[in-house]
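The structure under discussion appears below in the form of structure tokens.
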Amino acid sequence: MGDERVLRIGWLYPTKLNIYGDRGNVIVLSQRAAWRGIGVEVVEIDVDDPIPDGIDLFFIGGGQDQEQIVVSHDLAGAKGEALHRAIDDGAAALAVCGGYQLLGHVYRPHDAASLPGIGVFDVESEAGSERFIGNVVVESQWGTLVGFENHSGLTWLGSGVEPMGRVVVGRGNNGQDGTEGVRYRNALGCYLHGSILPKNPALADWLIGKGLEFRGQNPELTPLDDTLEQAAHRSAAGRARSERREESHPTRFGRIAALAPIRRS
Ligand code: GLN
């Protein structure tokens, strides 16, 4: 008897917000469901496309300010309200970087007008003076998470939400309060590219379970052999920690390298 369950994934703005491997998250969610015999439908929801009914799990990736201007306009009004309602009702969601910022109240980029968000996350973002770039390690309810950040946006959490985790290595939401990302109901926002899910299988399974549960399907997932995922996770965490060590206590080589970048003849 096959598994009757079907996971419907709503992939928001695949042609606009999809950098630093973000599409890998849709591949991981689809594959980890399929490995359990669960049916998967990926619905691409791009500019001018309505939010269809019956989506269990939304994904939105990151992008440059230019793309965010287009997406912010497209989410204004009925489309943003429909997405807001679905997440309020308990649909699962993962929003990365630029997408995370536009699910908040507002993103104020450099030298451009403020971009209204849909306000489902009680957060506000503004471009800072420094770009946060590098490998990241975060402590969270899903254990240690690893990823890569590249953003100038600083995000501040309002009172209605909790952070997704605490930064161990990296800058996170704003490089000041030690938080990374946000959790609201079954929706998560974060600055973690990479993509984030291949190296964090527990987080991927949590999202799949919440997505199945949303429309009353059994959220139980049989365990998978995550040997490769765990190995990739450990190596990414190790690299991030050693980079931070290098930053805080530069070795002799590190000092020389910082002084004179290697010229390739
Ligand atoms: N443009 C936004 C920022 O710089 C988001 C960048 C991204 O999605 N990586 O903060």
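Remarks
- Residues of the range 180-223 that turn out to be acidic (D, E) and out of contact with any Leu (no Cβ under 8 Å at 6 or more places or on another chain), as a count: 2
- Applying the set (1) among the hydrophobic types (A, V, I, L, M, F, W, C); (2) over 15 Å from G117 (Cα atoms); (3) crowded, with 24+ Cβ neighbours inside 10 Å to L12 leaves exactly one unmet item: (2).
- Checked against (1) closer than 29 Å to D3 by Cβ; (2) open to solvent by 40 Å² or more (accessible area, probe 1.4 Å), E139 passes all but a single condition, namely (1).
- In the range 16-28, the residues that are in contact (Cβ under 8 Å) with a residue 60 or more places away in the chain and under 19 Å from D205 (Cα atoms) reach residues that are β-branched (V, I, T) and within 14 Å of the ligand (Cβ to nearest atom) with C-beta atoms within less than 7 angstrom, at least six apart or across chains, in these pairs: D22/V96; N25/I196.
- For the range 153-173, a tally of residues being open to solvent by less than 30 Å² (accessible area, probe 1.4 Å) and touching a Ser or Thr at 6+ places or on another chain (Cβ under 8 Å) returns 7.
- Cross-chain or 6+ apart pairs with Cβ under 9 Å, the range 204-216 first and open to solvent by 60 Å² or more (accessible area, probe 1.4 Å), then of a type outside the set (S, T, N, Q) and assigned to a helix (DSSP H, G or I): F214/A86
- Conditions (1) surrounded by 13 or more Cβ atoms within 10 Å (Cβ to Cβ); (2) over 17 Å from the mean Cα position of the chain (by Cα); (3) modelled with pLDDT of 95 or more: number failed by E220: (1)
- Once the range 180-195 is narrowed to residues that are open to solvent by 10 Å² or more (accessible area, probe 1.4 Å) and not small (G, A, S), the residue that is nearest to I208 (Cα to Cα) is N186.
- Look at (1) at pLDDT below 95; (2) open to solvent by less than 50 Å² (accessible area, probe 1.4 Å); (3) among the small types (G, A, S); (4) more than 16 Å from the ligand (Cβ to nearest atom) and you find that G2 fails only one, number (2).
- Taking the range 132-168 as the range and being touching a residue at least 40 places away in the same chain (Cβ under 8 Å) and within 14 Å of the ligand (Cβ to nearest atom) as the test, the residues that pass are F132, G134, V136, G147, F148, E149, N150, H151, S152, G153, T155.
- Scope the range 156-183; condition farther than 27 Å from S242 by Cβ and at pLDDT 95 or above; matching residues: W156, L157, G158, E162, V182, R183
- Within the range 79-97, the set of residues being over 19 Å from the mean Cα position of the chain (by Cα) and not in a loop (DSSP other than H, G, I, E, B) comprises K79, E81, A82, R85.
- Per this entry, D48 is not counted among residues that are touching a Lys or Arg at 6+ places or on another chain (Cβ under 6 Å) and away from the ligand (no atom under 13 Å from the Cβ).
- Number of positions in the range 64-96 that are within 11 Å of the ligand (Cβ to nearest atom), open to solvent by 10 Å² or more (accessible area, probe 1.4 Å) and in contact (Cβ under 8 Å) with a residue 12 or more places away in the chain: 4
- Scanning the range 98-131 for residues that are assigned to a loop (DSSP other than H, G, I, E, B) and within 13 Å of the ligand (Cβ to nearest atom), we see that the one that is surrounded by the fewest Cβ atoms within 10 Å (Cβ to Cβ) is D111.
The values are calculated or read from the model by the stated rules, or taken from the named source; none is laboratory data. The shown structure was predicted, so the numbers you read here are calculated from the model rather than taken from an experiment. Cβ coordinates were reconstructed from backbone atoms using ideal geometry, including for glycine residues, and neighbour counts include every protein chain displayed. Just so you know, the surface numbers come from the protein's heavy atoms only, side chains and all, with ligands and any DNA or RNA stripped out. Shrake-Rupley method; radii C 1.70, N 1.55, O 1.52, S 1.80 Å.
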